[in-house]
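I have placed the structure first, in the form of structure tokens, so that the comments after it can refer back to it.
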Amino acid sequence: MVMRSEPQLRADIVEIGRRLYARGYTASNDGNISVRLDDDRLLMTPTNVCKGFMHEQMMVVTDLEGKKLSGERNPSSEMQMHLEVYRQRPEIQAVVHAHPPVATAFAVAGIPLDRAVLAEVVTTLGSVPIAEYATPSTQELPAAVRKYVKAHDGMLLANHGALTLGADLFSAYYKMETIEHFANISFVARMLGGERLLSRDEVMRLQGLRGRYGITSPAPICADPIAAEGDDSADCQVLFAPTASAGERLVSGRFGPVGADEEIRLTYRELTALIEDAVRNLK
Ligand SMILES: [Zn+2]
């Protein structure tokens, strides 16, 4: 991969900030963006600026402990969360944090985006869990993120927003778009009666295709999702994909519509007859 120069990276951050704001993924001064400059320096957005109106000279350079090396402004108030990602994932080059409204609504409702529904989400992100609630800009936030960051390139932050990581700035940003797009589709599908889910076999097939698409997402799907639940630090992903009968690739979701053959409908007269019949049999 061709390394981008510092001026290019500054311009990339400005552009991504503009897109986040234009798409409504951030309001006011929300959100933050960072990228590795080299082995021991990061370039990141400053605190207290609207991401839609930044310019290249506003950015702050820090070391990996968060000490400011240059820049007139102070680094992002969520810097500790970014530092935690770079510490846990040496291969990650860029981090984006925003509050995209539909994904954030899932994070507020406590509903993770962990159902296997769309092939491209399964291949690029897999499951999108919710990191436990933490007070923003405190040490609690990096601690909450730590649990999922090894195995996930995107996660929701309870009652707060979303976090994405990537091999470069744009790949981290595109994952933010994917999460919000997925959240929108999941929301409408649930309004329409519930998603049909990809079967577990289909998910495994998609995981096998990741390499072909050049996706090096680190995490496999947990072989045993129940066993993975209690872990302090997830090293695989829990994705809800039911086992299906042979050849079936789509399965009705847990909260999906009940199939016609599973549904029971009785008229009042039929019900009364059934009760009378049961009472008669008791005698
Ligand atoms: Zn935030």
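Please count how many residues of the range 176-211 are free of Cβ contacts under 8 Å to residues at least 12 places away in the same chain and more than 20 Å from the chain's Cα centre (by Cα).
Qualifying residue count for the region: 5.
Identify the single condition in (1) under 11 Å from the mean Cα position of the chain (by Cα); (2) within 16 Å of the ligand (Cβ to nearest atom); (3) open to solvent by 20 Å² or more (accessible area, probe 1.4 Å); (4) not acidic (Asp, Glu) that Leu157 does not satisfy, given that it satisfies every other one.
(3)
Kindly indicate the residue of the range 160-173 that is away from the ligand (no atom under 15 Å from the Cβ) and assigned to a strand (DSSP E or B) and also farthest from the chain's Cα centre (by Cα) among those meeting that condition.
Here the answer is Gly166.
Does Gly31 satisfy the condition of being open to solvent by less than 40 Å² (accessible area, probe 1.4 Å) and either of a type in the set (A, V, I, L, M) or farther than 20 Å from Ile92 by Cβ (or both)?
no
Within the range 142-154, track down each residue that is away from the ligand (no atom under 15 Å from the Cβ), over 12 Å from Glu132 (Cα atoms) and small (Gly, Ala, Ser).
Ala151
When you check Gly110 against the structure, is it within 30 Å of Arg249 (Cβ to Cβ) and modelled with pLDDT of 95 or more, yes or no?
Yes; evaluated as a whole, the condition is true for this residue.
Cβ-Cβ below 9 Å, separation at least six or inter-chain, first residue in the range 56-76 and over 12 Å from Met44 (Cβ atoms), second assigned to a loop (DSSP other than H, G, I, E, B): which pairs?
Gln57/Gly71; Gln57/Glu72
Just need a number here: residues in the range 59-115 that are over 20 Å from Val145 (Cα atoms) and either open to solvent by 40 Å² or more (accessible area, probe 1.4 Å) or among the aromatic types (Phe, Trp, Tyr) (or both).
Of the residues in that region, 7 qualify.
For the range 101-144, how many residues are farther than 26 Å from Thr47 by Cβ and of a type in the set (Phe, Trp, Tyr)?
1
Of the residues in the range 20-46, how many are part of a helix (DSSP H, G or I) and more than 15 Å from Thr164 (Cα to Cα)?
Within the range 20-46, residues that are part of a helix (DSSP H, G or I) and more than 15 Å from Thr164 (Cα to Cα) number 2.
Would you check which residues across the range 134-148 are open to solvent by less than 30 Å² (accessible area, probe 1.4 Å) and either without any contact (Cβ under 8 Å) to a residue 60 or more places away in the chain or part of a loop (DSSP other than H, G, I, E, B) (or both) and list them?
Listed by number, the residues that qualify are Ala134, Ala144.
Among all residue pairs at least 6 apart or on different chains, which show Cβ distances below 8 Å where the first residue, located in the range 84-110, is charged (D, E, K, R) and the second is open to solvent by less than 20 Å² (accessible area, probe 1.4 Å)?
Pairs found: Glu84/Pro142; Glu84/Val145; Glu84/Val149; Arg89/Val149; Arg89/Leu165.
Being within 15 Å of the ligand (Cβ to nearest atom) and more than 16 Å from Leu163 (Cβ to Cβ) narrows it down to one residue among Pro75, Pro101, Pro90; which is it?
Pro75
Please find, among Thr45, Thr26, Thr62, the residue that is more than 22 Å from Ala158 (Cα to Cα) and within 16 Å of the ligand (Cβ to nearest atom).
Going through Thr45, Thr26, Thr62 in turn, just one is more than 22 Å from Ala158 (Cα to Cα) and within 16 Å of the ligand (Cβ to nearest atom): Thr45.
Which of the residues that make up the range 83-134 are of a type in the set (S, T, N, Q) and more than 29 Å from Leu37 (Cβ to Cβ)?
Thr104, Thr123, Ser127
The values are calculated or read from the model by the stated rules, or taken from the named source; none is laboratory data. Because the structure is a prediction, the values reported are computed rather than measured. Note: ideal-geometry Cβ built from the backbone for every residue, glycine included; neighbour counts use all protein chains shown. The accessibility values were calculated without ligands, DNA or RNA, using every heavy atom of the protein model including side chains. Shrake-Rupley method; radii C 1.70, N 1.55, O 1.52, S 1.80 Å.
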